[in-house]
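Chemist: For reference, the structure I am asking about is given below.
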Amino acid sequence: TLNEALQLPRSARANPDVLIEKALEIVMLELAEINPARGHAQRDARIEQVLAYLAAPYFRTLALATLAREVYLSPSRFAHLFKTQMKQAPMQYGERYRLERAAEKLLAGGDSIEQIAAAVGFSNAFHFSTRFRRHFGQSPSRYRLHPTLALSSL
């Protein structure tokens, strides 16, 4: 920032060339940080659309073909694009997203585990508990009592 340039020793600030060099260096570093070639590229609009689809409501079917159809891509093309942009497979992302929402619900209120499982899109509380345990390292009921002990796989 400009403040960094102004924090140079007084003798360096007296020379306009030094200030210009410092300002250019700062600008170049900032531009390098947002350079799409560094991996900070904006997400594809179709991926954003699927992320919104996954966000609500949770009871929607979580199937690759359904998600691909949502953005008019073949399942294989969609899976490749999603993994390239999100660094994980669509189904892994969707399940992780639902499990994290379930963890929030466990801490927020007194709903039963069955109710929370259904609310985040799991039709079977046993399957939900199994997946929750794999993700967080403990059962949903234990997580509700001791959330700080969770070993999230994120």
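Chemist: Per residue, how much accessible area does segment 72-154 show when a 1.4 Å probe rolls over the protein heavy atoms, in square angstrom?
Modeler: On a per-residue basis, 59 Å².
Chemist: Once the piece of chain linking residue 89 and residue 112 is laid out straight, how much longer is it, given 0.36 nm per residue of separation minus the C-alpha distance between them?
Modeler: Full extension from residue 89 to residue 112 adds 5.3 nm.
Chemist: Quick one: what are the phi-derived ³J(HN,Hα) couplings along segment 101-109, Karplus 6.51/-1.76/1.60 with θ = phi - 60°, whole Hz, x for glycine and proline?
Modeler: Running phi through 6.51 cos²θ - 1.76 cosθ + 1.60 with θ = phi - 60° gives 5, 4, 4, 4, 5, 4, 7, 7, x Hz.
The values are calculated or read from the model by the stated rules, or taken from the named source; none is laboratory data. Because the structure is a prediction, the values reported are computed rather than measured. For accessibility, only protein heavy atoms count, side chains too; no ligands or nucleic acids. Shrake-Rupley method; radii C 1.70, N 1.55, O 1.52, S 1.80 Å.
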